[in-house]
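Below you'll find the structure, written out as structure tokens, and then a few comments.
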């Protein structure tokens, strides 16, 4: 961890079953060019100067796998069992954060191409604004459609962003955000939504288009392509 940085814990969400992959393995266990999806994610956070500790939210039956993938990390790590939905898993991960931690970065374990530089970039914005999120500008033309699939309106994309992770919060903000929701459900699709409910609007930090989430088999091929290009110094 870089000197003078606030204490910052990374919460890695890796408890999903990856039903859209159509495979027996969970996404976090999939191999990409000799390393698991989870290992690649962990290495990025381990290399980020702003991160002081790592919490992995996982499935109980994958504890042995996760412990193995955490072997050799320079930063202390903790394993926590996940919940029935993403929001509950985030809250469970947060419950394991030390009282001494000032900030948290919450990240999808399946976004294994995030870089240490991107993590630091989000973290520094989080330190300044209290809450920050990885994002990308929308470049496609966006249409609103009727329930039967007909275009009914073109949406102005000027101020629209596609939001990814990491998503970072000062711990007191995130604690209030969780406590403001009567029930954590699958309708809460990211942690920014929780902050928005208490009037906190995270600062958008532009990250690379390579910060993809592994959700379908085709994403594995894309990830392999990006990693190969990076290793050749071309991305």
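Just so it is clear, none of the values below were taken in a lab; they were calculated from the coordinates. No experiment lies behind these values; they were computed from the predicted model shown. As a convention, Cβ positions derive from the backbone with ideal geometry for all residues, glycine included, and neighbour counts pool all protein chains shown.
Peptides 25-35, 180-190: what's the order by average Cβ count within 10 Å, highest mean first?
25-35, 180-190
Could you please tell me the mean projected area of the C-alpha convex hull for segment 166-205, averaged over all directions and given in square nanometres to one decimal?
About 2.9 nm², averaged over all directions.
When you take every Cα atom in segment 99-230, what is the radius of gyration, and what is Dmax, the widest Cα pair distance, in Å?
16.7, 52
If the convex hull of the alpha-carbon atoms of segment 65-127 is projected onto planes in all directions, what is the mean projected area in square nanometres? Walk me through the intermediate numbers first.
Values: hull surface 21.2 nm².
With every direction weighted equally, the projected area is 5.3 nm².
Could you calculate, for the chain, the ratio of the Cα radius of gyration to the Kirkwood radius, expressed as Rg to Rh?
0.96
Normalised by the residues of segment 129-218, what does the relative contact order come to in percent, with Cα pairs under 8 Å and at least six apart? List each step's numbers first, then the result.
Working: 113 pairs, mean separation 34.9, N = 90.
Dividing the mean separation by the residue count of segment 129-218 yields 39 percent.
Under the √(5λ) rule applied to the eigenvalues of the Cα gyration tensor, what semi-axes describe the equivalent ellipsoid of segment 59-172? Give them in Å, descending.
They are 33, 19, 14 Å, listed largest first.
Roughly how many nanometres apart are two label points built 7 Å out from the Cα toward the Cβ at residue 230 and residue 84?
Calculated label separation equals 3.6 nm.
Please give the contour-minus-distance gain from residue 189 to residue 74: 0.36 nm per residue of separation, less the Cα-Cα distance, rounded to one decimal in nm.
Residue separation times 0.36 nm, minus the Cα-Cα distance, leaves 38.3 nm.
Sum -39500 (n - 2.57) across every DSSP H segment of at least 4 residues in the chain, then divide by the residue count to get the 222 nm mean residue ellipticity, nearest 500.
On the way: 7 runs with 73 residues, N = 235.
Using -39500 (n - 2.57) per qualifying helix, the result is -9000 deg cm²/dmol.
Bin width 5 Å, origin at 0, all Cα-Cα pairs of segment 135-206: what percent of pairs per bin?
Whole-percent P(r) values from 0 Å outward: 3, 14, 19, 17, 18, 13, 11, 4, 1.
Starting from the Cα-Cα distance between residue 96 and residue 206, subtract it from 0.36 nm times their residue separation and give me the gain in nm to one decimal.
36.7 nm
Once you have the Cα-Cα distance between residue 158 and residue 144, take 0.36 nm times their residue separation minus that, and quote the gain in nm to one decimal.
Numbers: separation 14, 0.36 × 14 = 5.04 nm, distance 1.53 nm.
Length gained, residue 158 through residue 144: 3.5 nm.
With a 10 Å radius around each residue's Cβ, average the other Cβ atoms per peptide and rank 128-135, 102-109, highest first.
So the peptides 128-135, 102-109, ranked by packing, come out 102-109, 128-135.
Thinking of segment 102-154 as a set of Cα atoms, what percent of all their pairs are more than 13 Å apart?
Roughly 70 percent, once rounded to a whole number.
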